[in-house]
Amino acid sequence: MRLKKKISVLDQHDKFGFWGGKFGGNYVPETLKKPIYDLEILFNKLKKDKKFLKERDKYFKNWIGVPTRFIKLNNLTKFIGGAQIWSKVVSDANGGAHKIYNATVHCLLAKRSGKKIICGDTGAGYAGKMLSMAAKKFGLKCKIFMGAKDIERQQPNVKAMKKNGAEVVPVYSGSQTLVDAVSECMRFWVANCDTTAMCVGSTVGPNIFVRICGWSTSQISRELKVQILEEFGSMPKKLKLYNCVGGGSSSFGFWNEFMDYDKKQVEFIGVEAGGPAKSKKHAAPLTFGSRIGVLHGAAQYVNQNLDGQIEETESISAGLDYPGVSPLHCFLKDTKRARYTSASDEDALKAFKIVSKYENLRPSLEPSHAFSIAISEAKKLSKDTIIVVNSCGDAYKDRKILQERLGIYL
């Protein structure tokens, strides 16, 4: 299995929707084949349509607020020593996280298809918050499915969704987290696909949803590539891009425009949620060698028991608390284009303390996982190595957890 240069990774799937012949696909009920086919036709047409691209870019610039900042973390670099530490501050985007790109594109597609309602899933609440914002912007009714456990720990985003007019549906089944929210959202869409569009909140699910999300969040790397070339004059000889990985939308969007560079020059490091230090539960299928299984319509590496049943996860970060991972990341792992590791809850909390102490930056618990690994590896690297961490979400949503665990009030 090889990654083909000069061809977008998003297009390196076969006619059945599989990357590398085994990741992805369309494991969906018969009733969804026609809606998915219609969405594929629409997306394949519009992503090449100059008028649609102009409309997308207008909203990205004037409503989302692109480009987001690319800054050097001078104080943190000095404190840690070793490599230069920079950050792409995607949390500057309208709403405070990268999820706004995917939500905006999905609402534009829903409008083009004549749908009046859009439904979505959320874990950390950012995907739901952004979808509620975009739905309000484009005049669509919005229904958000969210695990009851996540509703409790991510109250700021829940309140924002309701303020934007969205109906927030609590999910009490299973672990009451993201995996169950996605399941319930898909069940709702199966029964209402004639009137309702669905926005999958990450690069997971049937092939078309993986591609739409990856195409949308690639705005991050399009900006970053330009910013790096403007800052350094050319691509650095040693560039390392660190990103948290749950479903995998922010990380794929952060890396996509750099795929053609040799990994010795531009390395991708994905950081999963290792869970509490004293627990055997985690949300890191790529790190801990989970087997391939099918979850939410796609084949992927997924946490499962010996009988093939999906295992519950545990993480302080609601946005990473997912037993599977994008087929795109499975493909990048198998082609060895990206390296994956994990950080524990405690590692993420420690990283948040360090970053917020030395810089005017408050990464949410999701990117705090990536900062943890970046900080630990930076001290071992040369000063001409450029590290960039995607700060893809703001910590405001985590203020209750940070208050309880660290005594920090935001």
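Considering each residue of the range 104-124 in turn, at least one proves to be of a type in the set (G, A, S) and without any contact (Cβ under 8 Å) to a residue 60 or more places away in the chain.
When you scan the range 232-255, do you find a residue that is modelled with pLDDT of 95 or more, in a strand (DSSP E or B) and touching a Lys or Arg at 6+ places or on another chain (Cβ under 6 Å), even just one?
The first filter runs over the range 232-255 and keeps only residues modelled with pLDDT of 95 or more, leaving 232-255.
Still in the list and also in a strand (DSSP E or B): 239-244.
When the remaining residues are screened for being touching a Lys or Arg at 6+ places or on another chain (Cβ under 6 Å), the result is none.
Within the range 232-255 (the criterion being modelled with pLDDT of 95 or more, in a strand (DSSP E or B) and touching a Lys or Arg at 6+ places or on another chain (Cβ under 6 Å)), the answer is no, since none of the residues qualifies.
In the range 64-106, of all residues being within 18 Å of R222 (Cα to Cα) and aromatic (F, W, Y), the one that is surrounded by the most Cβ atoms within 10 Å (Cβ to Cβ) corresponds to Y101.
Across the range 161-179, the number of residues qualifying as free of Cβ contacts under 8 Å to residues at least 40 places away in the same chain and hydrophobic (A, V, I, L, M, F, W, C) comes to 4. Has the range 125-145 got any residue that is farther than 24 Å from L410 by Cα, within 18 Å of the chain's Cα centre (by Cα) and part of a loop (DSSP other than H, G, I, E, B)? Checking the range 125-145: not a single residue is farther than 24 Å from L410 by Cα, within 18 Å of the chain's Cα centre (by Cα) and part of a loop (DSSP other than H, G, I, E, B).
So, V210, is that one β-branched (V, I, T) and assigned by TED's automatic domain parsing to the domain that holds K48 or not? So V210 passes the test.
What do you reckon, is A273 aliphatic (A, V, I, L, M) and either in a loop (DSSP other than H, G, I, E, B) or not assigned by TED's automatic domain parsing to the domain that holds P327 (or both)? Against the criterion (aliphatic (A, V, I, L, M) and either in a loop (DSSP other than H, G, I, E, B) or not assigned by TED's automatic domain parsing to the domain that holds P327 (or both)), A273 does not qualify.
A quick yes/no check of all residues on (1) in contact (Cβ under 8 Å) with a residue 60 or more places away in the chain; (2) surrounded by 18 or more Cβ atoms within 10 Å (Cβ to Cβ); (3) acidic (D, E):
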| position | (1), (2), (3) |
| --- | --- |
| G324 | yes, yes, no |
| C330 | yes, yes, no |
| A351 | no, yes, no |
| I375 | yes, yes, no |
| K383 | yes, no, no |
| I387 | yes, yes, no |
| E404 | no, no, yes |
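One line per residue, one yes/no per condition, for (1) in contact (Cβ under 8 Å) with a residue 40 or more places away in the chain; (2) over 30 Å from L361 (Cα atoms); (3) among the basic types (K, R):
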residue: L3; (1), (2), (3): yes, yes, no
residue: I7; (1), (2), (3): no, yes, no
residue: F23; (1), (2), (3): yes, yes, no
residue: W63; (1), (2), (3): yes, no, no
residue: P67; (1), (2), (3): yes, no, no
residue: F79; (1), (2), (3): yes, no, no
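The values are calculated or read from the model by the stated rules, or taken from the named source; none is laboratory data. Just so we're clear, the structure is a prediction, and the values are computed from it rather than from any experiment. Don't worry about glycine lacking a Cβ; one is built from the backbone with ideal geometry, like all the others, and counts go over all protein chains shown.
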